[in-house]
Amino acid sequence: MIEIFLKTLPFFALIALGCWAGRTRFFTAEATAYLTKFVFYFALSAMLFRFSATLSFWQVLDWDIVAAYLCASVVVYLLATLVAMIRRVGIEQAAIEAQCAVIGNVGFLGVPMLVLLLGEAAIGPVMLILAVDLIVFGSLVVILITGARDGRVAPGILLTVGRGLIRNPMIVSIILGFSWSAMEWPIPAPMDEFLAILGGAATPGALFAIGASLAGKSAERLRVAVWLSVCKLIVHPLAVAVSALMIFAVDPYSAGVMIAATALPVAGNVYIIAQHYGVAPQRVSASILISTAASVLTVSAVIAWVGG
C-alpha cells in the first residue's frame with residue numbers, strides 16, 4: 001500500500017501544484033482554460049492516437065469488458081438517480097448527480113496514470129471504458145436534460161448528441177488511431193517522434209490543469225457531494241468488481257484495470273455539462289473537489305488491491 005501510494009503521489013503532487021498556481025492567481029482562470037484546451041485537443045489526442053494506432057482494434061475489443069462495465073455503471077447510475085428522486089429533485093438534477101456517480105477522470109488522469117502504473121496492456125481496457133463514458137453516458141445526460149426541459153425527446157436532440165460526439169477530439173483520435181491500425185500502416189519515425197513529444201505533454205499538462213481548475217471550485221451542498229463521492233470512489237469500483245469477476249468472468253488483469261479506472265475521482269467534464277445547462281454546477285464542483293482530495297488515498301488503496 002505504501003509503495004503504491006508513493007508511486008501515485010507524484011501524480012497528485014502535480015494536481016496540488018496546479019491547484020496552488022490557481023489559488024495564488026499565478027495561473028489565471030483564462031490560462032487554465034487555454035492549458036485545458038491544449039491538452040484536450042492536442043496533447044491527449046496525440047497520446048490516444050499513438051496508443052490506438054499501435055494496437056489491433058479486434059484484439060482490444062472485448063465485449064465482456066464493455067458489458068461488465070456498462071452493467072455495473074448502469075446499476076450505480078440508477079442508484080444515484082433513485083436517491084436523487086427520493087430527495088425530490090428534478091430529472092435534470094438527478095441526471096447530473098448520476099453522472100457524478102459514474103463518470104471518472106479517465107481521460108485526463110486515468111490514461112496517463114494507469115498505463116504507467118499497470119503497464120501498457122492497460123491501454124485497451126481503459127480505452128473501452130473511456131469510449132463507453134463518452135458515447136453512452138455522455139449522450140444520455142444530454143438527452144435526459146434536454147428531454148426533461150422540452151417534455152419529449154425530439155429528433156433534434158439526437159442530432160445535437162451526434163454532433164457533439166464527432167467533435168470530441170478523444171473519440172476522433174481513438175477512431176483515427178484504430179483506423180490507422182486496421183490498415184496495418186507503420187507509423188513513420190518522424191511522425192511517431194512528433195506524436196511521442198506532443199503526447200508526452202499530456203500527463204503533466206492534464207494533471208496541472210486538473211489542479212488549476214479545482215482552485216476555482218467551491219464546496220457547497222457537502223452532504224450530497226460526499227454521497228456522490230462515495231458512489232464514485234467506492235460503490236462504482238465495487239459494482240464493477242462484482243460485475244467483471246463474478247458475472248462476466250473478465251480476466252483478472254483487465255478486471256483490475258477496470259476497477260482501478262472506476263476508482264478515479266469525478267471528471268471535470270461533468271462540471272462543464274452542468275455549467276452549460278445551468279444544472280447544479282456548485283453541487284458538481286463540490287463533488288469534484290471532495291472526490292479528488294479523497295482519491296489521493298482511495299486510488300492508491302484500490303491499485304494496491306488489484307495489483308495484489
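Overview of results
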item	result
Residue in segment 18-35 that is of a type in the set (Ser, Thr, Tyr) and either more than 28 Å from Val172 (Cα to Cα) or in contact with a strand residue (DSSP E or B) (Cβ under 8 Å, 6 or more places away or on another chain) (or both) present	yes
Restricting segment 86-109 to residues that are out of contact with any helix residue (DSSP H, G or I) (no Cβ under 6 Å at 6 or more places or on another chain), farther than 20 Å from Leu233 by Cβ and not polar (S, T, N, Q), the residue that is surrounded by the most Cβ atoms within 10 Å (Cβ to Cβ)	Val89
Hits in segment 7-48 - residues which are more than 26 Å from Ala196 (Cα to Cα), hydrophobic (A, V, I, L, M, F, W, C) and without any contact (Cβ under 8 Å) to a residue 60 or more places away in the chain	Phe26
Exclusive hit being under 25 Å from Val136 (Cα atoms) and within 17 Å of the chain's Cα centre (by Cα), set Ala94, Ala67, Ala98	Ala98
Options Leu289, Leu264; residue that is within 12 Å of the chain's Cα centre (by Cα) and either of a type outside the set (S, T, N, Q) or part of a helix (DSSP H, G or I) (or both)	Leu264
Near pairs, Cβ below 8 angstrom, 6+ apart or cross-chain, from segment 293-308 (in a helix (DSSP H, G or I)) to any residue that is buried (at least 19 other Cβ atoms within 10 Å of the Cβ) and among the aromatic types (Phe, Trp, Tyr)	Ser295/Phe12; Val296/Phe12
Members of segment 245-268 that are in contact with a Gly (Cβ under 9 Å, 6 or more places away or on another chain) and farther than 12 Å from Leu109 by Cβ	Tyr253, Ser254, Gly256, Val257, Thr262
All positions within segment 270-292 that are farther than 12 Å from Lys232 by Cβ, in contact (Cβ under 8 Å) with a residue 24 or more places away in the chain and in contact with a Phe, Trp or Tyr (Cβ under 9 Å, 6 or more places away or on another chain)	Ser285
Out of Thr54, Thr28, Thr24, Thr8, sole residue that is of a type in the set (S, T, N, Q) and closer than 26 Å to Gly138 by Cβ	Thr54
Among the candidates Ala249, Ala244, Ala267, Ala260, residue that is in contact with a strand residue (DSSP E or B) (Cβ under 9 Å, 6 or more places away or on another chain) and within 24 Å of Met127 (Cβ to Cβ)	Ala267
Per-region count, segment 262-284, residues of a type in the set (Ser, Thr, Tyr) and modelled with pLDDT of 85 or more	1
Any hit, segment 214-225, residues being of a type in the set (D, E, K, R), surrounded by fewer than 23 Cβ atoms within 10 Å (Cβ to Cβ) and assigned to a helix (DSSP H, G or I)	yes
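The values are calculated or read from the model by the stated rules, or taken from the named source; none is laboratory data. The shown structure was predicted, so the numbers you read here are calculated from the model rather than taken from an experiment. With ideal geometry, Cβ positions are generated from the backbone for all residues, glycine too; neighbour counts draw on all protein chains shown.
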